[in-house]
Amino acid sequence: MHSFPNINLVIAHQLEAKKLINLFSMERVESDRYKLYRNSAGMKAIVSGMGFYNAKAATDYLAEIEESGGRVRGWLNIGIAGHQSAVIGSCFTINKITYKTSGVSSFPIQIFSDVPSMGLISVDNPELKYPGDVVYDMEAAGFWEAASKSVSIEFVQCLKIISDNKDHSIEKVTDKLVLSLVEKNLQLIVKCCSQLQQLVKDYNEISKLNSAFQVLLNKLHFTVTQQNQLKRLCQRYRALGRDSELEKMADLDFSSSREALSLLSKGISI
């Protein structure tokens with residue numbers, strides 16, 4: 001099983017989600033409002049339904065029920081989309097999202113390597129004429145509006161798989177084709193999830209280290225050498241999976257920085 005414990009997927013249609021649910025070994029979990037899935041590692045997926053407001057509501061819902069313990073999660077919207085001329089089955093990461101109804105634009109930070117990027121317009125009805133050299137979908141703007149309220153924008157990403165263009169209209173998009181297009185891009189999706197997971201993991205590790213590290217720095221005076229010692233000790237506690245112990249020790253009252261370093265060092269040897 002591919003393990004991306006800090007990733008939330010938002011997907012419009014059950015058909016688009018099917019291959020991903022299987023790929024990531026997800027099981028249905030109880031929800032009174034949405035089809036919600038989770039695997040044993042903690043990765044989640046929600047099927048939002050079609051359109052701006054459904055995508056926004058589902059993303060808001062998933063953010064509200066999160067029990068992250070202060071840790072950041074990555075958000076990834078995956079789905080099919082149209083373009084005037086892009087090859088059917090090609091996949092793009094999105095560098096600009098415009099909601100056609102409001103005209104509001106947002107600019108996702110690009111983190112995926114080796115994936116071409118393109119602008120996107122979210123529409124309320126399927127786009128049949130493809131007037132611009134952009135990707136057309138119905139959910140990205142709603143997803144972005146909700147997800148970007150819960151985390152910093154580098155952790156909010158979109159991947160769109162081209163299913164229709166001027167030579168292959170949306171009327172020709174069948175269930176079989178959707179399944180095939182998603183399956184064709186599974187390896188790329190895994191790669192992107194891996195990159196997003198690493199970004200989130202790095203951030204959470206730094207954030208957690210900084211929590212205990214900063215508490216001690218604020219309480220006591222450390223020389224530059226002592227600060228480096230403190231940082232290494234905090235990293236060691238983290239590597240040993242003793243985060244809660246480190247946080248408790250950081251809350252103790254020490255008479256000096258030397259005493260704090262001594263106690264932390266003794267704790268490592270236990």
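Just so you know, all these numbers are worked out from the coordinates, no wet-lab data involved. Quantities reported herein were computed from a predicted structural model and do not represent experimental measurements. FYI the Cβ positions are ideal-geometry reconstructions off the backbone, even for glycines, and counts take in every protein chain you see.
Miscellaneous remarks
- Among 60, 137, 32, the ranking by other beta carbons within 10 Å of each residue's beta carbon, starting with the fewest, stands as 32, 60, 137.
- Rounded, prolate or oblate (a/c below 1.5 giving rounded, otherwise prolate when a/b exceeds b/c) for segment 124-207 by Cα gyration tensor: oblate
- Ranked list, fewest to most other Cβ atoms within 10 Å of each Cβ, for 75, 144: 75, 144
- Relative exposure of 43, 26, judged by other C-beta atoms within 10 Å (fewest first): 26, 43
- Computed 3J(HN,Hα) for segment 41-58, one whole-Hz value per residue from the Karplus formula 6.51 cos²θ - 1.76 cosθ + 1.60 where θ = phi - 60°, is 7, x, 5, 10, 9, 10, 9, 8, x, 7, x, 3, 6, 5, 5, 5, 5, 5, glycine and proline marked x.
- Span from the segment 219-251 Cα centroid across to the segment 107-130 one, whole angstrom: 43
- Rounded to the nearest Hz, the phi-derived 3J(HN,Hα) couplings of segment 195-203 under the Karplus curve 6.51 cos²θ - 1.76 cosθ + 1.60 (θ = phi - 60°) are 5, 5, 4, 5, 4, 5, 4, 4, 5, where x marks glycine and proline.
- Long pairs among 191/248; 129/176; 56/129; 44/160, criterion Cα-Cα beyond 28 Å: 191/248
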